[in-house]
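Here the structure comes first, spelled out in structure tokens, and everything after it is commentary.
The values are calculated or read from the model by the stated rules, or taken from the named source; none is laboratory data. Just so it is clear, the model here is predicted, and its values are computed rather than measured. Backbone-built Cβ (ideal geometry, glycine too); neighbour counts: all protein chains shown. In case anyone asks, the SASA skips ligands and DNA or RNA and just uses the protein heavy atoms, side chains included. Shrake-Rupley method; radii C 1.70, N 1.55, O 1.52, S 1.80 Å.
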Amino acid sequence: QVQLVESGGGLVQAAGSLRLSCSASGRAFRYYTMAWFRQPPAKEREFVAAIRWGGGYSQYADSVKGRVAISRDDAKNAGYLQMNNLEPEDTAIYYCAAQGGADMAARNGYGYWGPGTAVTVSS
């Protein structure tokens, strides 16, 4: 069993930066793919980034590529999402997820989700 809690969201101006954190409980976390998804207002939840267990491979959505970096520290049972050059379109609830399948971007491959943290980017 894995429980996830996100933190680090908030209000930031366009072109600013935020670092989201995902704190995990449960030893299985380090063997799972970890991902970040987001849900903009009135839209579907969408993939942002994912990283395989061990940190050897990561994948990003085209919309954030070059502006976002995903990382994990399995010794701390934690994951991170560094977001730079934020745009108003990045406004969303950001969710940490764990488990993952062959398709790292597939939402239904993740069995564990945090409650989310809100990010608002003002123009």
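Taking Lys and Arg as +1 and Asp and Glu as -1, the other residues whose beta-carbon sits under 12 Å from that of Leu81 total +2. Note on Leu11: accessible area is roughly 130 Å² with a 1.4 Å probe, heavy atoms of protein only. Each Lys or Arg adds one and each Asp or Glu subtracts one; over the other residues with Cβ under 14 Å from the Cβ of Ser71, this totals +3. Scaled against 2.2 N^0.38 Å for its residue count N, the alpha carbon radius of gyration of the chain is 0.97.
For region 6-20, putting each phi into the Karplus relation 6.51 cos²θ - 1.76 cosθ + 1.60 with θ = phi - 60° gives couplings of 8, 8, x, x, x, 9, 9, 7, 3, 6, x, 10, 9, 10, 8 Hz, in residue order, rounded to whole numbers and with x for Gly and Pro. Here the 3J(HN,Hα) profile of region 39-47, calculated from phi with Karplus coefficients 6.51, -1.76 and 1.60 at θ = phi - 60°, is 10, x, x, 6, 10, 6, 5, 10, 6 Hz, Gly and Pro shown as x.
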